[in-house]
Amino acid sequence: MEALKSELKSKIVEVLNLEDISVEDIKDNDPLFGDGLGLDSIDALELIVLLDKDYGIKLTDPKEGKVIFQSIDTMANYVDANRTK
């Protein structure tokens, strides 16, 4: 699971072009939106595309995304349980 968390952090930094943030800056339980990384709704769309493209996970319900994208921990748990790639 640690490898998956590290992989997700790297992909988030790369896909969202977070130039001022390194993988080491992202804590597993920090909120991704709001006071945490400060991501916004456009970033959420990018994360949905990332899950589809890299892990074969299709999100159709926006409320589901709010739960999944709370933190790296919640995202990694969801990917681990639902990935098809």
Practice task
Output the residues belonging to region 53-77 that are open to solvent by less than 90 Å² (accessible area, probe 1.4 Å) and closer than 20 Å to LEU18 by Cβ.
Solution key: ASP54, TYR55, GLY65, ILE68, PHE69, SER71, ILE72, ASP73, THR74, MET75, ALA76
Exercise for the section: Answer yes or no as to whether ILE42 is outside any helix (DSSP H, G or I) and surrounded by fewer than 19 Cβ atoms within 10 Å (Cβ to Cβ). Expected result: no
Exercise for the section: Spot the failing condition for ASP80; the list is (1) closer than 15 Å to LYS9 by Cα; (2) open to solvent by less than 80 Å² (accessible area, probe 1.4 Å), and only one is missed. Expected result: (2)
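Give the residue, chosen from LYS11, LYS85, that is assigned to a helix (DSSP H, G or I) and either touching a residue at least 40 places away in the same chain (Cβ under 8 Å) or charged (D, E, K, R) (or both).
LYS11
Considering ASP20, ASP30, which residue is over 24 Å from ALA81 (Cα atoms) and in a loop (DSSP other than H, G, I, E, B)?
Values: ASP30 fails: over 24 Å from ALA81 (Cα atoms).
Going through ASP20, ASP30 in turn, just one is over 24 Å from ALA81 (Cα atoms) and in a loop (DSSP other than H, G, I, E, B): ASP20.
So that you can scan it fast, the table gives a plain yes or no per residue for (1) in contact (Cβ under 8 Å) with a residue 12 or more places away in the chain; (2) in contact with a strand residue (DSSP E or B) (Cβ under 6 Å, 6 or more places away or on another chain); (3) not aliphatic (A, V, I, L, M):
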| site | (1), (2), (3) |
| --- | --- |
| LEU4 | yes, no, no |
| GLU19 | no, no, yes |
| GLY34 | no, no, yes |
| ASP54 | yes, no, yes |
| LYS63 | no, no, yes |
| PHE69 | yes, no, yes |
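Starting from residues that are hydrophobic (A, V, I, L, M, F, W, C) and closer than 22 Å to LYS27 by Cα, keep the ones in region 51-77 and report whichever is modelled with the lowest pLDDT.
Initially, region 51-77 is screened for residues hydrophobic (A, V, I, L, M, F, W, C), giving 51, 57, 59, 67-69, 72, 75-76.
Checking the rest, the ones that are also closer than 22 Å to LYS27 by Cα come to 51, 67-69, 72, 75-76.
Working: LEU51: 97, VAL67: 92, ILE68: 96, PHE69: 96, ILE72: 97, MET75: 97, ALA76: 98.
So, considering only residues that are hydrophobic (A, V, I, L, M, F, W, C) and closer than 22 Å to LYS27 by Cα, the one modelled with the lowest pLDDT is VAL67.
The values are calculated or read from the model by the stated rules, or taken from the named source; none is laboratory data. The model shown is predicted, which means the values in this text are computed figures rather than measured ones. Glycine also receives a Cβ, built like all others from the backbone with ideal geometry; neighbour counts cover every protein chain displayed. Only protein heavy atoms, including side chains, enter the accessible area calculation; ligands, DNA and RNA are left aside. Shrake-Rupley method; radii C 1.70, N 1.55, O 1.52, S 1.80 Å.
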